[in-house]
Structure formats: structure tokens, C-alpha cells
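Trainee: Take this structure first; my questions come after.
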Amino acid sequence: MEKLIVKGGTRLEGTIPISGCKNAVLPIAVAAAILGDGVSVLHNVPNLTDVNTLRAVLEGLGATTKLKNSTLYIEPINHLEYEAPYELVRKMRASIYVLGPLVAKLGKAKVSFPGGCAIGPRPIDLHIRGLEHLGAEVTVQRGYIYAQAERLTGTEMYLMGQYGPSVGATANIMMAATLAEGTTVIRGAAREPHVSDLAHFLNAMGADIEGIGTSVLTIHGVKHLHGTEHTVISDDIEAGTFMVAGAITRGDVYVQGIIEQQLPAVSEKLVEAGVALDWDANGVRVTTPREIRGIDVTTAPFPGFPTDMQAQIMGMLCLAAGTSVISENVHTDRFIHAAELNRMGADIMLDGSKAVINGVRSLSGAPVMASDLRAGAVLVAAGMAAVGETVVSRVYHIDRGYESIEQKLNDIGANITRVSD
Ligand code: UD1
């Protein structure tokens, strides 16, 4: 297994480019492979483990894919398989995205029930409920979800759960509804930029979706979707991570290829903490002229503060003056990184879905373990700001969602080496 050795005390200075958005690519690739009747070409696709895991799922279903120089070619085939097996789905929860499109296209699907993960149990009741609203019969047997419907039928539905809208369920049901008979209205839809990017892609394939970017999506069903060409939006979470990395190392970093509208809450909170952000049309310059102050952060669905940035901002607040409180309202027990940051000298106390962070003057390098993708990213960022050497193990989590992370950071002043055991 690989590890990252992060030498502390470095200051980031320079321009760091942002790759395509992982969470947009995943459903878009599914739509291209299952719903489209012809080849799709996707640009700005990051070369990530998650993208390659999804390609394996899609190839298992009968599609052909090729990823070269950030362009992903997807050729759907006529005789799709309708089964996504456990061995593939267990590697990545987002494989559940094939459920809705398979039922819409083939009339049936058999998809392994995704397991839990390091950020909590993560149910899929809304995905199932949404498909049932569209007229599918859904059963769960021996670890598999079976869904079938001769043709899905449009309807009105409310798709919010106890934690608010669901990105995954919105994407899944929106994809399924594109080929349903009649009109579907999804109330309580997720509004994340990657959900909108998927909707724009589907419309480019010939779908008819209105209300993109709002919580009410209206999808007029069509008979066929065709292949198309699309440039995937930039990854807001990668950008936010590098903004925090710039701030935590008190650097001067230009994060290139991101727009402010993708990161409203993160920008607001960084500024509240004393980080200076200078936005232009292509990106943002991040500097930290003053001491970072403690702030309170509550995660919420877009346009709220993203749960996928919670670990990173916690890392920054460990070195802030005063006390900060983070309330995690989306994945309520997503705090495994707190214990690892405490191993580096942070002072974080957990109380249910809240973390209380008392700022400390410095962190010290330590051996730490990435427990999930974003938890891994914060350990790298904290390691750069710490005194001494930090060894981050389980780097495969980081590689799921950050393209060439050590290369990008080393290019602007970090000192990170990848080693194998
Ligand atoms: C997506 C992102 C993930 C991010 C999350 C929230 C992808 C591939 N992953 O995950 O990085 O952390 O959005 O922004 O895009 N829920 C239910 N029932 C369901 C589905 C979800 O109760 O059927 C709950 C979840 O447990 C969670 C909340 O709703 O508390 C939001 O989850 P959801 O938006 O669905 O997350 P994912 O799509 O799995």
C-alpha cells in the first residue's frame, strides 16, 4: 500500500489548476453509457480511481469506454446487461447511479445493494422511493435491488429525506425520468452544481428538463436520447481543498479554473475566518494577511456549506485563534478525521454531530491514516502546515478523488513524496 510523506513547514505559492468534477463525471458517464443511443465524448474528465471503477461497472454492463488526455469516450452498446454485481458496486457507492437508467432503458435492473462506508450508513431509500413513484416494482433480496417496469411513467414526487435533498437520488430519478412516459416533477431536488451539470448534459442528449439549479425539476419524458459532447464543470471540492491548503500554509495561491458561484458558502466562511479571496473570471487568489480566526460552520445541502469540505475546514480551524464549532448535518457521524488531527496536536472534542475545535499554535507531524477521501485531503493539508514529518497511510482514499495531488501541490512549494510499503 502507498503512503504520502509530507514534510511540514512549507508555504504554497503559485498557480494550482483544478480538474474536472468527480461527482459530475460519475452520473454523466452513467447517462452516456446507458441512456444514450450513440457515442458520447466527455472533456475535462479527471483520471481518478473512482472514474476508473465506474468505467469497469459500465464495461461490465456492455459499454465501451476510453479515457485519454482528460477526454472520456463512451460507446453504449445495444444489448446492455441489466446486472451490476457486488464485486464492482462494493468498491464505490456511486455505482447505484446505474439503477434508474437501467430500468428506464431495459425495463429491469439488478444492482448490488451498496454497503456502508467510513462516513456513515448512507441509506438509499429515496432512490427506491423515487423509482416506485415512477411505477417501478422494487424489491431487495439477498443483497440485491431488483427493479422492473415495462415503461416508467411520469408523476409528481417529493424526494427529500430527513437530512434534506439527496444528490444521488435526484440524479438517479432525473436520469430515469428522461425516458419515462409523460412528465415528472421532482420537488425537494438537490441543487448542487454537479446535479445541474448532469441535467445540462441530459438536455444536450435530447432530454427535456426544466428548473435546472432549482429545487423543482420538471422532466418531460422523451423516447430516445442520443450521444453528445460535453465539457464537465470543474471540481468545487478540489478547489475548496486547495483554497484551504493555501490558507493553512499562509501561502499565496491562485486556484485556477473555478467560479465563485460553485463555492458560495466555502468562500463566505473562509473570508469570515480572515482569509483574503480575490476572485476573477478564471479563479481565485487566496492569501492570509491576518491571523485565522475561529468560526462556526454548519454543513447543509447546496448552497449551504458542503459536507465534503467539512474535514478540510476543520483542519484549518485547528490552527485558528479561539474556538470553532462545526455542526455536521448531512453525514452526522463523519468525524473520523478529528481523532487523526488530534494525533497531530489538535484540540478537537466531539459531541454527537458537533465538533468543538480549540485553536492551537502549531500542529506536529505524525503517522496518520486517511479514513475517507476528504479526511485524507485534510491530513495532507495539515501535514504541510505542521512541524516535522507526517506520514499519511491509506492513500488510495485520496486517489479516489484527487488527481495527481502531490504533483499539483509540489509544483507550488509542497514537499510530498509517495512511497510504497
Ligand atoms: C453525494 C456525494 C458525496 C457528498 C454527498 C452530500 C457523489 C458521488 N457523492 O453523495 O460526496 O458527501 O452527496 O453532498 O456525488 N439519504 C437518505 N436516503 C437516501 C439517500 C440519501 O436518507 O436514499 C441521506 C444521506 O444519508 C445523507 C443525505 O441524505 O445524510 C444526503 O446524501 P446524498 O446527497 O444522497 O449523498 P450521496 O449522493 O450519496
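The values are calculated or read from the model by the stated rules, or taken from the named source; none is laboratory data. Model, not experiment: these values are computed from the prediction. Ideal geometry is used to build each Cβ from the backbone, glycine not excepted, and the neighbour counts take in all protein chains shown. Areas reflect the complete protein model, heavy atoms only, side chains present, ligands, DNA and RNA absent. Shrake-Rupley method; radii C 1.70, N 1.55, O 1.52, S 1.80 Å.
Trainee: Between a first residue in region 150-168 that is farther than 13 Å from residue 125 by Cβ and a second residue that is aromatic (Phe, Trp, Tyr) and open to solvent by 20 Å² or more (accessible area, probe 1.4 Å), which pairs have beta carbons less than 9 Å apart while being 6 or more apart in sequence or on different chains?
Mentor: Every condition considered, the pairs that remain are 165/302; 167/302.
Trainee: Of all residues in region 198-214, which are away from the ligand (no atom under 11 Å from the Cβ) and part of a helix (DSSP H, G or I)?
Mentor: Taking region 198-214 first, the residues away from the ligand (no atom under 11 Å from the Cβ) are 199-214.
199, 200, 201, 202, 203, 204, listed by residue number.
Trainee: Here is a follow-up. Filter region 154-164 down to the residues that are assigned to a loop (DSSP other than H, G, I, E, B) and near the ligand (Cβ under 7 Å from one of its atoms) and list them by number.
Mentor: At the first step, the residues of region 154-164 found to be assigned to a loop (DSSP other than H, G, I, E, B) are 154-155, 159-160, 162-163.
Passing the criteria: 162, 163.
Trainee: OK, next. Being within 11 Å of the ligand (Cβ to nearest atom), at pLDDT 95 or above, in a loop (DSSP other than H, G, I, E, B) and crowded, with 20+ Cβ neighbours inside 10 Å is true for just one of 190, 171. Which residue is that? Talk me through it step by step, then tell me what you get.
Mentor: Working: 171 fails: in a loop (DSSP other than H, G, I, E, B).
The conditions single out 190.
Trainee: Filter region 220-261 for residues that are closer than 28 Å to residue 104 by Cβ and basic (Lys, Arg) and give the result.
Mentor: Answer for region 220-261, where residues must be closer than 28 Å to residue 104 by Cβ and basic (Lys, Arg): just 223.
Trainee: Something else now. Looking at 56, 33, 29, can you tell me which residue is more than 27 Å from residue 415 (Cα to Cα), out of contact with any Ser or Thr (no Cβ under 8 Å at 6 or more places or on another chain) and in contact (Cβ under 8 Å) with a residue 24 or more places away in the chain?
Mentor: 56
Trainee: Looking at (1) in a helix (DSSP H, G or I); (2) away from the ligand (no atom under 11 Å from the Cβ); (3) open to solvent by 70 Å² or more (accessible area, probe 1.4 Å); (4) modelled with pLDDT of 90 or more, which is the only condition residue 129 fails?
Mentor: Status for residue 129: all satisfied but (2).
Trainee: Taking region 364-391 as the region of interest, how many residues are of a type in the set (A, V, I, L, M, F, W, C) and more than 16 Å from residue 415 (Cβ to Cβ)?
Mentor: Within region 364-391, residues that are of a type in the set (A, V, I, L, M, F, W, C) and more than 16 Å from residue 415 (Cβ to Cβ) number 8.
Trainee: From (1) open to solvent by 70 Å² or more (accessible area, probe 1.4 Å); (2) away from the ligand (no atom under 16 Å from the Cβ), pick out the condition that doesn't hold for residue 102.
Mentor: In the conditions (1) open to solvent by 70 Å² or more (accessible area, probe 1.4 Å); (2) away from the ligand (no atom under 16 Å from the Cβ), residue 102 misses (1) alone.
Trainee: Considering only residues of region 305-350 that are within 13 Å of the ligand (Cβ to nearest atom) and among the hydroxyl-bearing types (Ser, Thr, Tyr), which is surrounded by the fewest Cβ atoms within 10 Å (Cβ to Cβ)?
Mentor: 332
So that you can scan it fast, the table gives a plain yes or no per residue for (1) polar (S, T, N, Q); (2) within 29 Å of residue 252 (Cβ to Cβ); (3) not assigned by TED's automatic domain parsing to the domain that holds residue 360:
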site: 283; (1), (2), (3): no, yes, no
site: 291; (1), (2), (3): no, yes, no
site: 295; (1), (2), (3): no, yes, no
site: 309; (1), (2), (3): no, yes, no
site: 312; (1), (2), (3): yes, yes, no
site: 318; (1), (2), (3): no, yes, no
site: 327; (1), (2), (3): yes, no, no
site: 332; (1), (2), (3): yes, no, no
site: 337; (1), (2), (3): no, yes, no
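Trainee: State whether the residues of region 356-370 include one that is in contact with an Asp or Glu (Cβ under 6 Å, 6 or more places away or on another chain), at pLDDT below 95, assigned to a strand (DSSP E or B) and surrounded by fewer than 16 Cβ atoms within 10 Å (Cβ to Cβ).
Mentor: no
Trainee: If a residue counts only when it is in contact with a Leu (Cβ under 7 Å, 6 or more places away or on another chain), open to solvent by less than 50 Å² (accessible area, probe 1.4 Å) and not assigned by TED's automatic domain parsing to the domain that holds residue 287, which helices (runs of 4 or more DSSP H) contained entirely in region 1-94 have at least 3 such residues? Full working, then the answer.
Mentor: Values: elements: 22-30, 49-60, 86-89.
It comes to 22-30, 49-60.
Trainee: For region 218-336, give me every one of the strands (runs of 3 or more DSSP E) that falls completely inside it and has 3 or more residues that are among the hydrophobic types (A, V, I, L, M, F, W, C).
Mentor: On the way: elements: 229-231, 252-256, 276-280, 283-287, 296-298, 323-327.
Fully inside region 218-336 and qualifying: 276-280.
Trainee: Scan region 396-421 residue by residue and report those that are over 17 Å from residue 385 (Cα atoms) and open to solvent by less than 10 Å² (accessible area, probe 1.4 Å). First the steps, then the outcome.
Mentor: Narrowing region 396-421 to residues over 17 Å from residue 385 (Cα atoms): 396-404, 407, 418-421.
Once the filter is applied, which keeps residues that are over 17 Å from residue 385 (Cα atoms) and open to solvent by less than 10 Å² (accessible area, probe 1.4 Å), region 396-421 yields 398, 401, 402.
Trainee: If the requirement is being small (Gly, Ala, Ser) and buried (at least 24 other Cβ atoms within 10 Å of the Cβ), which of these qualifies: 281, 239, 265, 273? Even if it seems obvious, please write down each step before you answer.
Mentor: Working: 281 fails: buried (at least 24 other Cβ atoms within 10 Å of the Cβ); 265 fails: buried (at least 24 other Cβ atoms within 10 Å of the Cβ); 273 fails: buried (at least 24 other Cβ atoms within 10 Å of the Cβ).
Of the residues listed, the single one that is small (Gly, Ala, Ser) and buried (at least 24 other Cβ atoms within 10 Å of the Cβ) is 239.
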